[in-house]
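In what follows, a structure is listed as structure tokens, so that the remarks can point back to it.
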Amino acid sequence: ALLIGMILLAACSSNEDGASESVDTIEWKMGHLSDENHIWHKTAEEFASLVNEKTNGEIEIEIYPNNSLGGETDTINSIQAGTADLVISGETLQNWAPKAALLAVPYAFRDMDHVSSVVEGEIGGEIEEEIKSEAQLTALYYHNRAPRNLTSNEPIESPADLKGFSIRVPNVPLFLDTWGAAGANPQVMDFNEVFTGIQQGVIDGQENPVDLIQSGGLYEVQDYVNRTEHVYSWIYVLVGNEQFESLNDEQREAVLEAADEAQEIGAQLYEEEIEAIEGDLIDKGMEFIDVDQDAFRDAMIPAVEDSLSEEQLDLYNRILEV
Ligand code: 2Q2
């Protein structure tokens, strides 16, 4: 009976294959740096299944978490070369599109609402346009991010405590400049190398929102979360222009619809999870330290103004006005 069943199954599936005259399935690869439990990944999974549903299976998105497709910069290069298709990226895009530096300028945004008004408004539109023309990537939806905090194994309450402190930063020139100005020794490293980097003493600390501190398991190698809250920002989920433009009209419409829905799903998850994440880090032994934010601001702002080009400064000043 088992054999007959198998033959029947085989017959059915070959019938179905034979009957389908539809387009070949498009397979997209999406890479990002968080783990599978992170908001970005869970949202991406929903996005992928919405895209699949809305295109009747014509587009399949395979998601590679933990930088398993490569670091953020490598993934962007791969998309431009056509060997990957989607990425989650933000201020690292300033290496292609200078305006993307404005996604994460130390002490530029007052709070989350300020970020939302900028990303949803005219300035957000201008940044997305430049990312499209210079990085060849189309923004589909975005995540608001919790403020970036400095983690360490000694409390760091003011820039004076940063003497001799090696800090990892992502591939973001502005972060190199501002942490250098604050007195630390910054170096660029991919996120998936941070855990071992700290463990082996290559770096003393790093800075990220609580959700990525949790995602990277950094509570195992760092004791303190110093509430510098130096950067409020957002991050995009993007697809290669060529990949997106190769779709037919219905498929493109379906991807945009799915992106709108994913935007809501991500925002909802953020509301539900961020507070609890802080509690989880405390449970896992991390201590949150209040810092002299004004001193960090004073140390970083001159470097921000020095580092930004005239055009970037112009956008920066407009952001402060929003
Ligand atoms: O620290 C990191 O690697 C992440 O928080 C992000 O990738 C970072 O914010 C930027 O590289 C985003 O483009």
Q | Filter result (under 17 Å from the mean Cα position of the chain (by Cα) and hydroxyl-bearing (S, T, Y)) within the range 96-125 | A | S116
**Q.** Of all residues making up the range 142-158, the number that are open to solvent by 20 Å² or more (accessible area, probe 1.4 Å) and away from the ligand (no atom under 12 Å from the Cβ)
**A.** 6
Q.
If I ask for residues that are open to solvent by less than 40 Å² (accessible area, probe 1.4 Å) and out of contact with any Phe, Trp or Tyr (no Cβ under 6 Å at 6 or more places or on another chain), which ones from the range 288-299 would you list?
A. F288, V291, A295, F296, A299
Q. Which members of the range 86-106 meet the condition of being more than 12 Å from the ligand (Cβ to nearest atom) and open to solvent by 10 Å² or more (accessible area, probe 1.4 Å)?
A. P98, K99
**Q.** the range 249-269, residues that are without any contact (Cβ under 8 Å) to a residue 12 or more places away in the chain and of a type in the set (S, T, N, Q)
**A.** Q268
Q: Among the numbered conditions (1) touching a helix residue (DSSP H, G or I) at 6+ places or on another chain (Cβ under 7 Å); (2) at pLDDT below 95, tell me where L33 comes up short.
A: (2)
Q: Give the number of residues within the range 182-201 that are under 24 Å from M300 (Cβ atoms) and either within 9 Å of the ligand (Cβ to nearest atom) or part of a loop (DSSP other than H, G, I, E, B) (or both).
A: 7
Q) If you scan the range 159-176, which residues turn out to be within 16 Å of the ligand (Cβ to nearest atom), open to solvent by 10 Å² or more (accessible area, probe 1.4 Å) and part of a helix (DSSP H, G or I)? A) P173, L176
(Q) For the range 202-214: of the residues being in contact with a strand residue (DSSP E or B) (Cβ under 8 Å, 6 or more places away or on another chain) and near the ligand (Cβ under 8 Å from one of its atoms), which is nearest to I39 (Cα to Cα)? (A) P209
Q: Please tell me if T55 is open to solvent by less than 50 Å² (accessible area, probe 1.4 Å), modelled with pLDDT of 95 or more, within 23 Å of L313 (Cβ to Cβ) and among the polar types (S, T, N, Q).
A: no
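The values are calculated or read from the model by the stated rules, or taken from the named source; none is laboratory data. Just so you know, these numbers come straight off a predicted model, no measurement behind them. Glycine also receives a Cβ, built like all others from the backbone with ideal geometry; neighbour counts cover every protein chain displayed. Note: accessible area is taken over every heavy atom of the protein model, side chains too, but ligands, DNA and RNA are not part of it. Shrake-Rupley method; radii C 1.70, N 1.55, O 1.52, S 1.80 Å.
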